[in-house]
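A quick write-up on the structure given underneath.
The values are calculated or read from the model by the stated rules, or taken from the named source; none is laboratory data. A quick note: this is a predicted structure, and the numbers were derived from the prediction, not measured. Here the Cβ positions follow ideal geometry from the backbone for every residue, glycine too, while neighbour counts run over all protein chains shown.
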């Protein structure tokens with residue numbers, strides 16, 4: 001009872017402090033401000049380069065006024081509450097905001113969000129047209145690294161993958177598939193077709209044991225077929241991409257992607273192996289060479305290999321020797337950049353693009369591209385002694401800053417003797433074309449776009465560069481060394497054009513497109529030929545014939561790859 005009485009007295013005392021009609025006192029607001037809360041909004045889900053993006057701070061609590069510190073992935077900063085930012089580079093940007101109130105309080109960590117910036121799509125331009133397309137009709141494959149070859153009668157030859165095999169196709173100048181032949185072997189990688197001095201067609205392929213090299217007449221009747229390298233005596237021979245290089249009437253040079261030598265000579269008469277190249281550094285016979293050798297007019301051959309860097313040898317040594325031949329220089333480990341700095345050439349798993357030969361001040365170099373996933377792509381030059389110099393495609397030297405592995409395409413030599421390489425795009429990188437001045441290993445010019453340029457570009461008689469992308473765009477650009485850029489002369493959405501022409505696509509796919517991983521070959525009359533596969537299922541492939549008033553013929557430079565030499569001879573003129 002005593003406790004109850006005390007509680008009643010306390011309540012009466014509280015009531016006595018209030019005037020009649022007033023409510024009892026309630027606890028008042030705390031003198032301590034609410035905790036500082038920081039967030040921000042972005043006016044779109046993603047942006048293109050050149051777009052103006054508005055960021056809006058959302059702040060509560062703390063003590064006003066506030067100060068703002070924004071970081072836009074080190075591209076810029078701002079102290080405004082609601083800044084507007086125009087991004088100039090692509091990739092996933094980490095946007096962070098730190099807010100400090102008047103009392104100096106701020107959250108323990110900045111507020112951070114990721115934001116995707118993509119390359120601005122390029123509008124169609126010019127008069128690129130589809131003269132015709134030819135579907136090969138075989139299911140289960142596509143045209144990956146191969147490029148069309150054109151004989152003197154205007155017939156087109158192109159290799160394509162069919163399930164676990166490869167096929168070589170002949171197409172008439174009007175776009176009719178005239179013949180096809182299974183290459184043989186196992187696996188679905190194919191060499192580009194080549195046309196030898198006698199007009200015979202060279203082909204080959206397979207990614208597993210039993211790779212096959214073959215020669216055909218112009219109607220694709222087989223003249224000979226040989227199991228690549230050693231008629232079953234050597235393990236795991238492979239033929240990937242590239243083409244056979246005719247270095248004499250009696251011999252061809254072919255690269256090996258398997259484990260039986262880097263490159264070697266085979267007989268032009270029957271395809272049997274004459275010699276093969278091993279590494280001077282360790283005597284190993286490991287290959288991993290996924291593209292064609294590059295041969296200079298003075299008789300030296302360079303070969304890039306995924307596991308072994310770059311190797312080389314005098315062609316005469318390969319033709320006069322027998323069995324294993326040791327290359328003349330050790331594997332390249334270090335390159336010198338334009339500033340005289342030394343860095344390592346990293347090729348492992350990256351060097352499927354072809355090499356080319358470029359001559360600078362009377363010296364011949366093997367010019368190539370290595371682009372391992374996650375590391376900057378490198379354009380390199382290697383002389384006959386194995387000495388090298390390189391150019392890193394990073395944000396110091398270019399605007400593309402490419403770190404995406406390039407598994408197709410190749411190297412061409414431009415109208416100003418520049419070394420031109422194609423680049424794929426990735427989640428944090430743009431694609432496009434980069435050209436390097438081989439005299440001083442500096443940027444000659446570049447062209448950036450949001451699509452992967454997977455196939456080898458070609459150079460025209462007018463000094464233009466033409467290429468297709470794996471999203472179905474075909475582009476013609478004009479290099480502009482004065483600005484270190486390139487002007488877009490023409491661009492076409494090839495998927496839209498072939499749809500208008502009646503090409504069927506699988507209705508189950510919402511956004512089917514034409515994927516061009518093939519190199520471009522330019523005919524003597526200026527028509528442009530490129531292999532394709534239908535990316536809705538990747539089960540049908542074919543060849544396109546394209547025209548434009550901007551292109552009158554192929555380039556006339558000394559390096560014979562694709563746009564300069566429709567027969568794919570592979571020896572510097």
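Key figures
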read-out: Residue 292 under 25 Å from residue 455 (Cα atoms), under 24 Å from the mean Cα position of the chain (by Cα) and modelled with pLDDT under 90; value: yes
read-out: Selection from the range 46-66 of residues that are in a loop (DSSP other than H, G, I, E, B), without any contact (Cβ under 8 Å) to a residue 60 or more places away in the chain and either touching a helix residue (DSSP H, G or I) at 6+ places or on another chain (Cβ under 8 Å) or on the phi < 0 side of the Ramachandran plot (or both); value: 63, 64, 65, 66
read-out: Counted residues, the range 259-287 - those being under 27 Å from the mean Cα position of the chain (by Cα) and modelled with pLDDT of 80 or more; value: 2
read-out: Strands (runs of 3 or more DSSP E) fully within the range 67-172 counting 2 or more residues that are in contact (Cβ under 8 Å) with a residue 40 or more places away in the chain; value: 91-100, 111-118, 129-135, 156-162, 165-171
read-out: Residue satisfying condition, being modelled with pLDDT under 90 and farther than 25 Å from residue 248 by Cα, within set 175, 126, 187; value: 187
read-out: Subset of the range 501-537 (residues that are within 14 Å of residue 145 (Cα to Cα) and out of contact with any strand residue (DSSP E or B) (no Cβ under 6 Å at 6 or more places or on another chain)); value: 517, 519
read-out: Residues of the range 437-450 classified as touching a residue at least 40 places away in the same chain (Cβ under 8 Å) and either farther than 27 Å from residue 531 by Cβ or not in a strand (DSSP E or B) (or both), total; value: 8
read-out: Subset tally (residues that are closer than 17 Å to residue 92 by Cα and either part of a loop (DSSP other than H, G, I, E, B) or not assigned by TED's automatic domain parsing to the domain that holds residue 66 (or both)) for the range 34-45; value: 3
read-out: Residue 104, sole failed condition from (1) surrounded by fewer than 20 Cβ atoms within 10 Å (Cβ to Cβ); (2) within 30 Å of residue 199 (Cβ to Cβ); value: (2)
read-out: Selection from the range 183-218 of residues that are surrounded by 23 or more Cβ atoms within 10 Å (Cβ to Cβ) and not in a strand (DSSP E or B); value: 183, 185, 189, 191, 192, 193, 211
read-out: Considering residues of the range 246-258 that are surrounded by 22 or more Cβ atoms within 10 Å (Cβ to Cβ) and closer than 24 Å to residue 199 by Cβ only, the residue nearest to the chain's Cα centre (by Cα); value: 255
read-out: Residues of the range 481-500 satisfying the condition of being touching a residue at least 60 places away in the same chain (Cβ under 8 Å) and assigned to a strand (DSSP E or B); value: 488, 489, 490, 491, 492, 493
read-out: Subset of the range 82-100 (residues that are surrounded by fewer than 18 Cβ atoms within 10 Å (Cβ to Cβ) and over 21 Å from residue 116 (Cα atoms)); value: 100
read-out: Residue within the range 174-182 that is within 25 Å of the chain's Cα centre (by Cα) and either in a loop (DSSP other than H, G, I, E, B) or assigned by TED's automatic domain parsing to the domain that holds residue 221 (or both) present; value: no
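So that you can scan it fast, the table gives a plain yes or no per residue for (1) buried (at least 23 other Cβ atoms within 10 Å of the Cβ); (2) on the phi > 0 side of the Ramachandran plot; (3) outside the structural domain of residue 242 (by TED's automatic domain parsing):
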| position | (1), (2), (3) |
| --- | --- |
| 323 | no, yes, no |
| 336 | no, no, no |
| 344 | no, no, no |
| 356 | yes, no, no |
| 360 | no, no, no |
| 365 | yes, no, no |
| 382 | yes, no, no |
| 386 | no, yes, no |
| 422 | yes, no, no |
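Rundown of residues vs (1) assigned to a strand (DSSP E or B); (2) within 30 Å of residue 197 (Cβ to Cβ); (3) under 24 Å from the mean Cα position of the chain (by Cα), yes/no style:
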position: 502; (1), (2), (3): no, no, no
position: 507; (1), (2), (3): no, no, no
position: 510; (1), (2), (3): no, no, no
position: 533; (1), (2), (3): yes, no, yes
position: 546; (1), (2), (3): yes, yes, yes
position: 549; (1), (2), (3): no, no, no
position: 556; (1), (2), (3): no, yes, no
